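**Student:** Before we start, here is the structure in question, set down as structure tokens.
The values are calculated or read from the model by the stated rules, or taken from the named source; none is laboratory data. Everything quoted here is computed from the prediction, not taken from an experiment. Positions of Cβ are backbone-derived with ideal geometry, glycine not excepted, and every protein chain shown enters the neighbour counts. Quick note on the areas: whole protein, heavy atoms, side chains included, nothing else; ligands and nucleic acids left out. Shrake-Rupley method; radii C 1.70, N 1.55, O 1.52, S 1.80 Å.
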Amino acid sequence: MVTEIFSGDRAAEAGLIIQRGGLVVFPTETVYGLGADVFNEDACRRIFEAKGRPQDNPLIAHIYERSQLDSLVERFPPGAEILMDSFWPGPLTLVLPKKRSVNAIVTANLNTLGVRMPRHTEAFAFLKAAGTPVAAPSANQSGKPSPTNFAMAREAMEGRVEAILDGGACETGLESTVIAWAETKTGSGWTILRPGAVTREDLFSVLDTLFLQEVENLDEKLLSQSPGTHHPHYRPLARVRLFESAENFARGTNLTQVENIKSLAILSIDEINTEKTTNLPSNFTHRHYTSWIELARHLYSDFYELDALGISEILVQTPTRRGGIEEALKNRLLKASSDCWV
Ligand code: TXA
Ligand code: MG
């Protein structure tokens, strides 16, 4: 299939391709999405094929205005309006009871649907022109890091979709926060299924504490319905290992001597003194960021670039704080590394 490439100023043309039943890769403030008309069953089925995605992992519906919820959502749990008022448009996905008209293929047979309104100029123009909610997972091949710039989106999806809309680099660089209203062992409330740039503190600032529940308190059945929890995720080709701080790095690398490693990259926000590290390979890169936000923004594109450079081992500084963007970053890094520390 020939994939048409649209520059950002042609977002509306890309939207029309959705109307005609095509697949379009489009930018958002978090990561690039792989979109189809949410009400077109065949087109939605093709999303799973293009991604190599297991069919038990549901898609998020993307909208540009709240009236589009009428065709998607059956009812709103307590606090949903406040959440939408506070964080839309933006990187927050709400899992809500779905209307029967939303096809089972989209929601992987669940009776809920994830919905989000992106905060992104080209995404807005694209969704408006599409004129229908757009079902979209991240535009990566299943298991790989999500595309956070045009080059990554193109490599993942060219030849598999009708069009790609070029929106440059994504601002957040990590996927949206996903929350669901759920019954937990400690009561009903909104539960963070996937942390993201709308943080725990942000949610606390608008919701009564009674309305927030911890994901650990979900019962097993509900937790298993929170997909993405049981599939491998966010993995580059290189092996990823984690460390907490410069001291921790020094101790860890001295112990293992980073021996037998032919190529190595370090991503950190601490200054790392590698002079004392013995046996550093000649193919060595250190990318130093000024904040966790910056590291989060570049994480997936770094994975992509370092893979292209043939780097076999990536060591990433990992935050420990529960809250902030740190919580989201740590969540992705634990998965990318299979919880493997230096
Ligand atoms: O930032 C994002 O959310 C990006 C952009 C494109 O919007 N999309 C994205 O989609 O990351 P995806 O499919 O890669 O991740 C959606 C996550 C998955 O972990 C999925 O299992 C979960 O949300 N999810 C979707 N619908 C759900 C539902 N009804 N119940 C529970 N979890 C759901
Ligand atoms: Mg994804």
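**Student:** Please identify, among ILE261, ILE179, ILE60, the residue showing maximal mean-square fluctuation in a Gaussian network model of the chain using a 10 angstrom Cα cutoff.
**Tutor:** ILE261
**Student:** While we're here: Given springs between every Cα pair under 10 Å in a Gaussian network model of the chain, which of GLY196, GLY90, GLY131 has the largest fluctuation?
**Tutor:** Evaluated over the chain, the most mobile residue of the options is GLY131.
**Student:** Moving to a separate point now. Accessible area per residue, 1.4 Å probe, Å², for region 232-342: what's the number?
**Tutor:** Per residue, region 232-342 has an accessible area of 47 Å².
**Student:** For ILE311, which sequence-distant residues (separation of 5 or more, or a different chain) have an amide H within less than 5 Å of its own amide H, given hydrogens modelled in the peptide plane?
**Tutor:** So ILE311 has HN proximity to no qualifying residue.
**Student:** For the pairs LYS51/LYS335; LYS99/LYS335; LYS128/LYS335; LYS262/LYS330; LYS144/LYS185, flag any whose C-alpha to C-alpha distance is greater than 28 Å.
**Tutor:** Cα-Cα > 28 Å for LYS99/LYS335; LYS128/LYS335; LYS144/LYS185; rest within.
**Student:** To the nearest 10 degrees, how steeply does helix 292-308 sit against the main Cα axis of the chain, on a 0 to 90 scale?
**Tutor:** Roughly 80 degrees between the two axes.
**Student:** Right, something else. Longest exposed-loop-site-free stretch of the chain, with trypsin sites (Lys or Arg not before Pro), DSSP loop and at most 13 other Cβ within 10 Å?
**Tutor:** My reading of the result: 101-184 is the longest stretch.
**Student:** Averaging sequence separations of C-alpha pairs under 8 Å and six or more residues apart, then dividing by the length of region 1-147, give the relative contact order as a whole percent.
**Tutor:** Worked out over region 1-147, it gives 38 percent.
**Student:** Turning to a different aspect of this structure: Sequence gap at least 6, Cα distance under 8 Å: using those rules, report the relative contact order of the chain to the nearest whole percent.
**Tutor:** After rounding, I find 20 percent.
**Student:** Right, another one. Using the Kirkwood formula over every pair of different C-alpha atoms, what hydrodynamic radius in Å results for region 239-342?
**Tutor:** That comes to 13.7 Å for region 239-342.
**Student:** Per residue, what volume in Å³ does the Cα convex hull of the chain take up?
**Tutor:** Enclosed volume per residue, from the Cα hull, is 131 Å³.
**Student:** Once both axes come from the Cα atoms, what is the angle between helix 121-130 and the longest principal axis of the chain, in degrees from 0 to 90, rounded to 10?
**Tutor:** 30 degrees
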